[in-house]
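Asks: Quick one: the structure is below, and I'll ask about it shortly.
The values are calculated or read from the model by the stated rules, or taken from the named source; none is laboratory data. Everything quoted here is computed from the prediction, not taken from an experiment. All Cβ positions, even for glycine, are placed from backbone atoms using ideal geometry, and neighbour counts span all protein chains on display. Ligands, DNA and RNA are excluded from the accessible area calculation, which covers all protein heavy atoms including side chains. Shrake-Rupley method; radii C 1.70, N 1.55, O 1.52, S 1.80 Å.
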Amino acid sequence: MNDAARQIPPLNGLRVFEVASRHLNFRMAAEELGITQSAVAQQIRKLEAELGVKLFDRLPRALQLTGAGRVYIASISRAFTIITEATQQLRPEPSRITLSVTPTFASKWLIPRLPDFFAHNPMVDLQVVATERMSNFHLDNVDIAVRYGRPPFGPGLHAELLYRQDIIAVCSPGLAAAIGKPDRLDDLKPFMLLGDTHNFWPEFIQAIFGQMLMPAAKRVRFNQTAHAIEAAIAGQGIALANSFFVAKDIEEGRLVRLFDRALRGHADFYIVAPRHRWLGSTQTVGQWLLGFKNKEG
């Protein structure tokens, strides 16, 4: 073994150091790596002994990099990025990326646009997981997600705004003709109000008419927004939905917007991915999501 090889610490220890430095938490580093918290601590101690320097200050309720640790991690992070990119270039087979989204986002936004994604990214093997449950990036092997919420989403996560939540009321063209222009809340009484688990109707009515929604109002609540939208397309009532979920239905004449005003939601839709995975094919998926949104205005 030559002198250069002997000067390189064990790669397992360097990998643990890279993950722990991002989280500044041994427990979270252990979850990402799939090992125990004590194993993380042991690897860090061994690396510090190998280098002869202290990399972390162990505070009572926190972990922070020492000056030497901050200098070292800057180069170690670049090194792992180079290794990852070199490996991806070496392998010509498709990169498998798991994207987590809600069922409504999958059916009303993602699926109609997938042909464009594969036309431009033939070497990405995209697996879509549609669930209302918030996926765990490590435990569920998720690379990137579209999440409804508000930042910050957690340490070590890269997040970019995809869509603001603007809630609008829509219905079928036939029902819109029957309703006319509703100037008063009483104008909506004969019609079914279609909603989802977010239950935005009381806030929406207050914003539009400055009145409380009457308890006797006819309402149906679905567990997924997509079902409320489909019921509206079928002429069964008036649905509340994010404007970007129904933009294509409005454009193609299946739905019409009933009011000019929109209700600003409490949270928005973000693209979220672990910072260390925001490269290669994962970044390609994220940039495509952002690019398609920008292209559609």
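Asks: Taking the stated definitions as given, is L55 crowded, with 19+ Cβ neighbours inside 10 Å and among the aliphatic types (A, V, I, L, M)? Walk me through it before giving the result.
Replies: On the way: crowded, with 19+ Cβ neighbours inside 10 Å: yes; among the aliphatic types (A, V, I, L, M): yes.
Answer is yes for this residue.
Asks: Moving to a separate point now. Would you confirm, using the coordinates I've provided, whether L90 is hydrophobic (A, V, I, L, M, F, W, C) and surrounded by 15 or more Cβ atoms within 10 Å (Cβ to Cβ)?
Replies: No, not satisfied.
Asks: A further question follows. Do we have P60 as open to solvent by less than 50 Å² (accessible area, probe 1.4 Å) and part of a loop (DSSP other than H, G, I, E, B) here? Full working, then the answer.
Replies: Values: open to solvent by less than 50 Å² (accessible area, probe 1.4 Å): no; part of a loop (DSSP other than H, G, I, E, B): yes.
When the stated conditions are applied, P60 does not pass them.
Asks: Quick check, is A262 of a type in the set (G, A, S) and free of Cβ contacts under 8 Å to residues at least 60 places away in the same chain?
Replies: Considered against the rule, which asks whether it is of a type in the set (G, A, S) and free of Cβ contacts under 8 Å to residues at least 60 places away in the same chain, A262 comes out as no.
Asks: Residues to consider are T104, T131; find the one that is free of Cβ contacts under 8 Å to residues at least 60 places away in the same chain and of a type in the set (S, T, Y).
Replies: Answer to the check: T131.
Asks: List the number of the failed condition for A145; all other conditions in (1) farther than 30 Å from W288 by Cβ; (2) surrounded by 15 or more Cβ atoms within 10 Å (Cβ to Cβ) hold.
Replies: Failed condition: (1).
Asks: Restricting attention to region 67-80, does a residue exist that is polar (S, T, N, Q) and free of Cβ contacts under 8 Å to residues at least 12 places away in the same chain?
Replies: Yes.
Asks: Counting only residues that are within 35 Å of the chain's Cα centre (by Cα), assigned to a loop (DSSP other than H, G, I, E, B) and of a type outside the set (A, V, I, L, M, F, W, C), how many does region 143-182 have?
Replies: Within region 143-182, residues that are within 35 Å of the chain's Cα centre (by Cα), assigned to a loop (DSSP other than H, G, I, E, B) and of a type outside the set (A, V, I, L, M, F, W, C) number 10.
Asks: Would you say R22 is touching a His at 6+ places or on another chain (Cβ under 8 Å) and open to solvent by 30 Å² or more (accessible area, probe 1.4 Å)?
Replies: Yes: the conditions hold for R22.
Asks: Could you say whether any residue in region 154-166 is surrounded by fewer than 13 Cβ atoms within 10 Å (Cβ to Cβ), without any contact (Cβ under 8 Å) to a residue 40 or more places away in the chain and at negative phi? Step through it out loud before you land on a result.
Replies: If we filter region 154-166 for residues that are surrounded by fewer than 13 Cβ atoms within 10 Å (Cβ to Cβ), which is where we start, we get 154-155, 161.
After this cut, where a residue has to be without any contact (Cβ under 8 Å) to a residue 40 or more places away in the chain as well, the list is 154.
After this cut, where a residue has to be at negative phi as well, the list is none.
No, because not a single residue in region 154-166 is surrounded by fewer than 13 Cβ atoms within 10 Å (Cβ to Cβ), without any contact (Cβ under 8 Å) to a residue 40 or more places away in the chain and at negative phi.
Asks: Are there any pairs, at least 6 apart or on different chains, whose C-beta atoms fall under 6 Å, with the first in region 34-60 and under 16 Å from R70 (Cα atoms) and the second open to solvent by 60 Å² or more (accessible area, probe 1.4 Å), and if so, which?
Replies: E48/K54; D57/Q64
Asks: For region 36-48, which residues satisfy the criterion of being crowded, with 16+ Cβ neighbours inside 10 Å and either assigned to a loop (DSSP other than H, G, I, E, B) or charged (D, E, K, R) (or both)?
Replies: Correct list: E48 only.
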